[in-house]
1. For LYS310 and ASP334, what is the calculated FRET efficiency with R₀ set at 51 Å and r taken between the beta-carbons, to the nearest 0.05?
2. So for the chain: antiparallel DSSP bridges make up what percent, rounded to the nearest 5?
3. Identify the residues of the stretch 136-168 with backbone N under 12 Å of a label point that sits 7 angstrom from the Cα of ASP184 along the Cα-to-Cβ direction, or state none.
4. Once you have a ≥ b ≥ c as the square roots of the Cα gyration tensor eigenvalues for the stretch 97-168, tell me rounded if a/c is under 1.5, and otherwise prolate or oblate according to whether a/b is larger than b/c.
5. Are there GluC sites (Glu not before Pro) in the stretch 334-377 that DSSP puts in a loop and that have at most 16 other Cβ atoms within 10 Å, and which ones?
6. Where in the chain are the DSSP H helices whose alpha-carbon span along the long axis reaches 24 Å or more and whose Kyte-Doolittle mean is at least -0.5?
7. So, counting K/R as plus one and D/E as minus one, what does the shell of residues with Cβ under 13 Å around LEU291 add up to?
8. Could you compute the net charge surrounding ARG151? Neighbours are other residues with a C-beta less than 13 Å from the C-beta of ARG151; K and R count +1, D and E count -1.
Amino acid sequence: MERLLAGQRPERLAVAVSGGGDSLALLGLACDWASENDCRIHALTVDHGLRPEAGDEARMVAREALRMGAMHDTLHWQGWDGRGNLQAAAREARYRLLSEHCELERIGAILLGHTQDDQAETVLMRLARGSGVDGLSAMSEGRFGKDFLLRPLLDATRDELRVWLTRQGMRWSEDPSNDDPRFDRVRARRLLKQLIPFGLDAARLSETASAMARARQALIARAVDVAREVVAEQSGILMFDRAGLAGVEEETRLRLVAHGLACLSGEVYKPRLASLSAILDKALAGQGGTLQGCRLVPSRGVLFLVREWKAVSGVEVPADGAATWDGRWRIRMDGAPGATIRPLGEEGLARIDRPEDLPHAVLLSHPGIWSGDDLLASPDLFNDRAIHCEYAASAGFHASLKSH
């Protein structure tokens with residue numbers, strides 16, 4: 001906790017508690033720590049509505065939390081439609097509910113009970129997917145004030161935590177899905193046991209994750225330095241110097257373009273390495289292409305990266321300064337009630353004088369402020385009236401490169 005908090009002393013922290021051994025042990029340890037550090041613990045349980053016993057488990061957690069001196073809330077999710085990856089959907093919903101609750105309660109961070117065993121399983125799964133340095137660095141402990149999710153138990157094993165729980169006289173529940181071989185993590189857990197005779201135990205794989213995390217930081221530092229020289233940014237349009245980009249090592253090229261894709265599309269996960277490498281090679285050779293809802297447009301000595309027209313063609317929100325367009329733009333136009341934000345498209349481009357240095361294909365997805373069929377303005381292209389624009393900091397290329 002001293003390392004994760006980096007000298008800060010929060011008044012409140014949340015703990016995600018499912019009722020399983022790992023998270024219940026974390027709650028107990030966190031409450032012990034908090035009692036000596038003037039911190040209030042809020043235990044949060046997410047009931048996904050997928051198992052009838054989940055309600056009883058949440059009530060058990062509530063009783064334990066009260067006994068330990070923590071507050072408790074149960075958050076409910078009823079969004080599963082039976083399609084897609086259940087575990088992925090449940091995980092995303094869980095983090096969203098936890099984040100929303102903490103934002104509402106003004107709690108700056110939440111503690112997660114991921115263990116050394118979880119870290120090792122994550123490394124195995126990402127090895128199987130062909131992940132590079134970033135993927136193999138697996139889960140980060142986090143730092144308070146910089147990260148919302150903190151993992152103080154990454155050096156502890158499941159067995160150690162269960163020994164601690166037993167000594168405390170505490171009981172815990174186990175989710176039956178933890179033994180369901182249909183799930184990748186369960187298969188990785190079983191494989192890990194088979195690898196122990198080869199010296200590939202949880203501790204060794206966790207050491208690998210730590211080494212990859214250090215390498216990742218060095219690669220990010222290199223990318224930051226190169227970006228200052230070869231990447232320019234203007235209102236959601238990224239411009240790479242083609243010769244400069246082509247002249248650096250492949251790892252840095254891929255990292256910069258992958259980061260640009262994340263900034264524009266808002267996607268959490270990077271595209272597959274093979275797809276990214278193929279489209280970047282073509283773009284540097286003078287051929288355009290699309291990936292992850294974005295478009296690469298080579299022109300003269302510049303490689304433009306912008307949103308793909310199809311990805312935003314149906315997106316329209318009020319130009320009231322509150323609504324966010326495409327996850328990046330907030331725009332308000334005074335004196336134009338009912339104005340909306342939607343992309344320029346062919347209709348909008350036909351009505352403006354396009355700058356000579358910006359190709360037609362680059363501006364199709366650029367936002368315009370419309371009143372019905374009338375184009376009123378477009379950021380950095382033309383403003384007939386005063387507009388107030390806010391571009392999301394998370395979408396800013398240079399500002400967010402270190403955190404990605």
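1. On the way: r = 32 Å, r/R0 = 0.62.
Between LYS310 and ASP334 the formula returns 0.95.
2. Close to 70 percent.
3. 136
4. oblate
5. Numbers: sites: GLU346, GLU347, GLU356; in loops: GLU356.
Passing both the DSSP loop test and the Cβ count: GLU356.
6. 202-230
7. Here the charged neighbours net out to +3.
8. Within the 13 Å Cβ shell, the charges total -4.
The values are calculated or read from the model by the stated rules, or taken from the named source; none is laboratory data. Computed from a prediction, not measured in an experiment: that's the story for all the values here. Every residue, glycine among them, receives a Cβ derived from its backbone with ideal geometry; neighbour counts consider all protein chains shown. Each accessible area value is taken on the protein alone, full model and side chains, heavy atoms only, with ligands, DNA and RNA left out. Shrake-Rupley method; radii C 1.70, N 1.55, O 1.52, S 1.80 Å.
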